[in-house]
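Asks: Structure provided below as structure tokens; questions to follow.
Here, each number is a calculation from the coordinates, and none is a lab measurement. Just so we're clear, the structure is a prediction, and the values are computed from it rather than from any experiment. Here the Cβ positions follow ideal geometry from the backbone for every residue, glycine too, while neighbour counts run over all protein chains shown.
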Amino acid sequence: MLQHLTGGGQGMLLAIAIVVLFAAFICYRVYVGGDLLDLARKALVVVAPAIVFGAGGWLVFSYDAPVGAPLAAPVEQTKTTTTTWGESERGMRLASRAEDQVRRGERDSARASLDTALNAFRRARNPVGEARVLGSIGDLERRTGNHEQARDSYRIAADLYRRENNRPGLANILRGMGELQRQLGLREDAEKIYTEARYLYRSTNDRKGEANVLLSLAELARNFGDHDQARLAYVEAQRLYRLERDRGGQAGVLIGLADIDSVTGQGAKARAAYEEARELYRDDKVSVGEADALVGLGDLDAQAGESAAARGRYESARGLYHRSQHAAGEAHALVGIGHLERKSGNNARAADYFRAALALFRTIRDSIGEAIATESIRSAAFILSSRSRQRYFSLR
């Protein structure tokens, strides 16, 4: 008990010395005699400095020491606590770094950053941070065709968000899962997931989130030739994007509406919409969006028999897609060039372009793209249209 109170061996020795000195003094006074009141007063005068000095020594040697623990323990405990406390901040920095790496096309580096960020959030016991990183991993794996890994990451992230009752986070994860189903050509599954995501966005008054999922629903309907449903979803998304002053979203809607007009024979209207979207994307330096508009314009030129102009559009789009490491877009541009070669009677060269496109589609496991490239190789009568192209969106 005395050792506990004095905080260690040195403090205990000091306390014992003080007690011995005090006892010796009392014994001496008693032996020689003297008034008790005077004795007490003199004892206080003599012993008080020793008590103060001893108390100071006790504080120096035992400050912050837990009862019954070595003095070094608080130092080690502080190090452990500091490391854990900073893990969430470290995870956030790494997640932001991964986003920049994805934009630069450094996917392997981005995945490494995300894995490290995930471990940091887990050490910090931060489930929301963990779910956010898992969603980013799902997006990255989906874009590179690793569907099983993407699905697993999305599923775990969705479970974490549900457990935390985090509706905005869950809505984003569901939209990613919907994009995965759309990429696999599973319309009913994708539509069901998108609809749940839209409900969550609306319940949290997230107009931009709702507009994004409407854009995905419109693209899904367009891919399957349901123009009426697609147009309704595009128009509603456009209304929300305008309220949010989201230029990128408005440009995406313009391209979707232009695709429908192109397929339904309204060439002039489609061309105007493609050009407007291209200007918006070019002003905002969104290369993939500009390339989407160029492919649409190339389709219109090809339909009008202007093969040279169409080829220039497709080649420009292909360059933008390639620099952005956007495999699906580059594959669609290659399909367009292949059809131009076939029209010119260069069947061997056309087949080379189709096979190159097929390889890219297979790399990212785009089932609809694979079907387009395969049919283009198999049948000279196959007619390419903007309806057949798929676009996938970042979860903005």
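Asks: If you average the C-alpha positions of the range 305-341 and of the range 92-165 separately, how far apart do those two centres end up, in angstrom?
Replies: Comparing the Cα centres of the range 305-341 and the range 92-165, I get a distance of 32 Å.
Asks: Quick one: plug the Kirkwood hydrodynamic radius of the range 206-285 (C-alpha pairs) into Stokes-Einstein at 37 °C, 0.692 mPa s, and report D in µm²/s.
Replies: Values: Rh = 12.4 Å.
D = 265 µm²/s.
Asks: Spin-label point model (7 Å from Cα, Cβ direction): what's the T204 to K269 distance in nm?
Replies: 3.6 nm
Asks: Compute, for the range 206-285, the length of the dipole vector about the Cα centre, with Cβ point charges of +1 (Lys, Arg) and -1 (Asp, Glu) only. Units Debye, rounded to 20. Walk me through the numbers on the way to the answer.
Replies: Details: 13 positive and 15 negative charges, 39 e Å.
Its charge dipole is roughly 180 debye.
Asks: Let me know the Kirkwood hydrodynamic radius for the range 82-142, please, with Cα pairs as the basis and the value in Å to one decimal. Please list the in-between numbers first.
Replies: Details: mean 1/r = 0.0897 Å⁻¹.
Hydrodynamic radius (Kirkwood, Cα only) of the range 82-142 equals 11.2 Å.
Asks: Classify the range 149-250 from the C-alpha gyration tensor, please: rounded if a/c falls under 1.5, else prolate or oblate depending on whether a/b exceeds b/c. Present the calculation step by step, with values, prior to reporting the outcome.
Replies: Numbers: a/c = 2.31, a/b = 1.23, b/c = 1.88.
In terms of gyration-tensor shape, oblate.
Asks: How high is the relative contact order of the range 294-390, in percent, counting Cα pairs under 8 Å that sit 6 or more residues apart?
Replies: Details: 119 pairs, mean separation 22.1, N = 97.
In percent, rounded to a whole number, it is 23.
Asks: Once you compute Rg and the Kirkwood Rh from C-alpha atoms, what is the Rg to Rh ratio for the range 294-390? Display every interim value, and only then the final one.
Replies: Numbers: Rg = 11.9 Å, Rh = 12.9 Å.
Radius of gyration relative to Kirkwood radius: 0.92.
Asks: Between D189 and S367, what is the spin-label point distance in nm, taking each point 7 Å from the Cα along the Cα→C-beta axis?
Replies: 0.7 nm
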